[in-house]
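Q: Let me begin by handing over the structure; questions about it come next.
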Amino acid sequence: MATMQSLDIKRYSATTTTSPSVREAVEVAKLIDVSRCIGCKACQAACLEWNDLREEVGINVGYYDNPHDLTENSWTLMRFSEVEEPDGHLEWLIRKDGCMHCEDPGCLKACPAPGAIVQYGNGIVDFVSENCIGCGYCVKGCPFNIPRISQKDHKAYKCTLCSDRVAVGQAPACAKACPTQAISFGTKEDMIHWAEARIADLKERGYENAGLYDPPGVGGTHVMYVLKHADRPEIYSDLPKDPKISGLVEAWKGWPKTIGLAGIGLAALAGFLHYVTAGPNEVEDEDEEKGQRALRGE
Amino acid sequence: MRKPAGTLSRYTPGARANHWLNAIVLILLALSGMSLFHPALYFLTDLFGGGVWTRILHPWLGVALIITFAGLFIRFWRYNIWNKSDTQWLNRIRDVLAARDENLPEVGRYNAGQKLVFWLMTIAIIALLLSGIVMWDSLFGAYFSIQQKRVGAVVHASAAVIIIAVWIVHLYAAIWVKGTVRAMTRGTVTGGWAWKHHRKWLREEVAKGPK
């Protein structure tokens, strides 16, 4: 495990220069095998415990999701969905939701505060609360609707993939707590191999559309799912089929921004050049005389 | 303040105070907004007490802008109605930039360029207000979807770029056309300035008789 830790930061929010990139870190991944999950919520409890978080005691509104959504305290959440298949049988699908740790993180791209969001060499995307200004741009950047802004301190929170544990060679708390080994953690390469074996097994058992969820639209993710119905990820509580950073966010944060800034600079430069070439527009003595005469009503 | 001989009154003390309050707020808004607009300008957050304070103050400065600009709008909108000679004036923009005023139609209180600045500012500030509400998470975050907030962000940044560009034109015109700035600092302009740049307005003022 020691080789998976990484103190190198390969992306630093609101920074336009290249981060240290000579050392190559091993990429890590968490693999969530939805077919093995029994919905016990041990991962949720372990997450609260390891990260010293407390969720409010909520109310039951008739379904199993508890709390009802991700919050600044609950960085992971079991989402339960009941899906009726065309042949009439019922599928009870349980997906552990949380940050996907995109290789191309929309939150980091949208963040205006230098170093409030970083991506480590091993692929983990982490929020650095000291640098967070609470603007909520990460919420707009995320294609998975993950970050939550606390009303207490107006800072953004989400799963850290237990970067503090990984840095000392430990697996994330949720993976450690899972009683069915539905959550595994290791190098991304190993996790893909492990997933392939699981998918082969599921296919043998009749789930011909079983597959790995590692969406290429965000450069792949460092949290991946094994899905029995990988052809329809949306049936797993609206897991997006082809997640991408919104075109609006790309426009807002991409080259149009540079064009806008250049346009402002050019407008100022054009004014300056006009002044030094055309000269000031002055009122001549003749104009003043005519003006005074007009004023006197002549 | 007494009006010196040979001058015309152009802006009342109230209008001047309103204008400069609006100007101060606009500059503070632009600085705080630019600091979050591009990483290269993040250092500007230091002027406002850091990133968090910039995030807190910027929208309230926006409220101040709306109030001060509304004052200017109410004072000046009726002088900024577009007419045919404005189109003529704009078609001869080359003569304008070369200061060949003799080729231009006689101008009333405001010329076509000034009217364009007025209306572009008005439209862009309304866009800024509406998109700004959508982006003001700490107060209105619960009322809008993420997709609406994304649209808001793009509209807000675009409107801000337009406003800053228009502001540069406004500022430059005041510097380039000598004798203009005193209209906003002392409230008066010389007869010659009015004759050269706003002859129709001069005639109208004279026709009104002495004030």
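Q: Look at B:Lys196 and say whether it is touching an Asp or Glu at 6+ places or on another chain (Cβ under 8 Å), within 11 Å of chain A (Cβ to nearest Cβ) and surrounded by fewer than 17 Cβ atoms within 10 Å (Cβ to Cβ).
A: Answer is no for this residue.
Q: For region A:112-132, what are the residues that are in a loop (DSSP other than H, G, I, E, B), of a type in the set (Val, Ile, Thr) and crowded, with 24+ Cβ neighbours inside 10 Å?
A: A:Ile124 - this is the single residue of region A:112-132 that is in a loop (DSSP other than H, G, I, E, B), of a type in the set (Val, Ile, Thr) and crowded, with 24+ Cβ neighbours inside 10 Å.
Q: Mind counting the residues in region B:126-185 that are closer than 17 Å to B:Leu61 by Cβ, under 19 Å from the mean Cα position of the chain (by Cα) and loosely packed, with under 15 Cβ neighbours inside 10 Å?
A: Going through region B:126-185 one residue at a time, the tally reaches 2.
Q: Restricting attention to helices (runs of 4 or more DSSP H) lying wholly within region A:149-212, give those where 3 or more residues are within 12 Å of A:Ala29 (Cα to Cα).
A: A:188-204
Q: What number of residues in region A:231-269 are part of a loop (DSSP other than H, G, I, E, B) and free of Cβ contacts under 8 Å to residues at least 24 places away in the same chain?
A: The qualifying residues number 5.
Q: Any residue in region A:8-17 that is buried (at least 18 other Cβ atoms within 10 Å of the Cβ) and of a type in the set (Phe, Trp, Tyr)?
A: yes
Q: May I ask you to verify whether A:Leu90 is without any contact (Cβ under 8 Å) to a residue 12 or more places away in the chain and among the hydrophobic types (A, V, I, L, M, F, W, C)?
A: Considered against the rule, which asks whether it is without any contact (Cβ under 8 Å) to a residue 12 or more places away in the chain and among the hydrophobic types (A, V, I, L, M, F, W, C), A:Leu90 comes out as yes.
Q: Right, another one. B:Thr122 versus (1) in contact with a Leu (Cβ under 8 Å, 6 or more places away or on another chain); (2) more than 14 Å from chain A (Cβ to nearest Cβ); (3) more than 30 Å from A:Asp287 (Cα to Cα): which is the lone unmet condition?
A: B:Thr122 satisfies all of (1) in contact with a Leu (Cβ under 8 Å, 6 or more places away or on another chain); (2) more than 14 Å from chain A (Cβ to nearest Cβ); (3) more than 30 Å from A:Asp287 (Cα to Cα) except (1).
Q: When you scan region B:173-193, how many residues do you find that are more than 7 Å from every other protein chain (Cβ to nearest Cβ), basic (Lys, Arg) and without any contact (Cβ under 8 Å) to a residue 40 or more places away in the chain?
A: Result for region B:173-193: 1.
For every residue, the table says whether it meets (1) assigned to a loop (DSSP other than H, G, I, E, B); (2) closer than 23 Å to A:Thr277 by Cα; (3) within 14 Å of chain A (Cβ to nearest Cβ).
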site: B:Gly108; (1), (2), (3): yes, no, no
site: B:Ile126; (1), (2), (3): no, no, no
site: B:Ser131; (1), (2), (3): no, no, yes
site: B:Phe140; (1), (2), (3): no, no, yes
site: B:Gln147; (1), (2), (3): no, no, yes
site: B:Arg150; (1), (2), (3): no, no, yes
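Q: Of the residues that make up region A:86-94, is at least one among the hydrophobic types (A, V, I, L, M, F, W, C), part of a strand (DSSP E or B), within 22 Å of the chain's Cα centre (by Cα) and under 21 Å from A:Pro143 (Cα atoms)?
A: Yes, the conditions are met somewhere in region A:86-94.
Q: Could you list, in sequence order, all residues of region B:16-74 that are in contact (Cβ under 8 Å) with a residue 60 or more places away in the chain, closer than 25 Å to A:Gly263 by Cβ and more than 9 Å from every other protein chain (Cβ to nearest Cβ)?
A: B:Leu26, B:Ala30, B:Gly33, B:Pro59, B:Gly62, B:Leu65, B:Ile66
Q: I need a count of the residues in region A:280-298 that are among the acidic types (Asp, Glu), within 7 Å of chain B (Cβ to nearest Cβ) and either in contact with a Phe, Trp or Tyr (Cβ under 7 Å, 6 or more places away or on another chain) or loosely packed, with under 11 Cβ neighbours inside 10 Å (or both).
A: Count: 1.
Q: Given the criterion within 14 Å of chain B (Cβ to nearest Cβ), free of Cβ contacts under 8 Å to residues at least 40 places away in the same chain and aliphatic (A, V, I, L, M), identify the matching residue among A:Ile133, A:Ile149, A:Ile199.
A: A:Ile133
Q: Another question, then. Can you name the residue in region A:213-234 that is closer than 22 Å to A:Phe80 by Cα and surrounded by fewer than 17 Cβ atoms within 10 Å (Cβ to Cβ) and is also nearest to the chain's Cα centre (by Cα) among such residues?
A: For region A:213-234, the residue satisfying everything is A:Glu234.
Here, each number is a calculation from the coordinates, and none is a lab measurement. If you're wondering where the values come from, they're calculated on a predicted model, not measured in any experiment. Here Cβ is always computed from backbone atoms with ideal geometry, including for glycine, and neighbour counts include all displayed protein chains.
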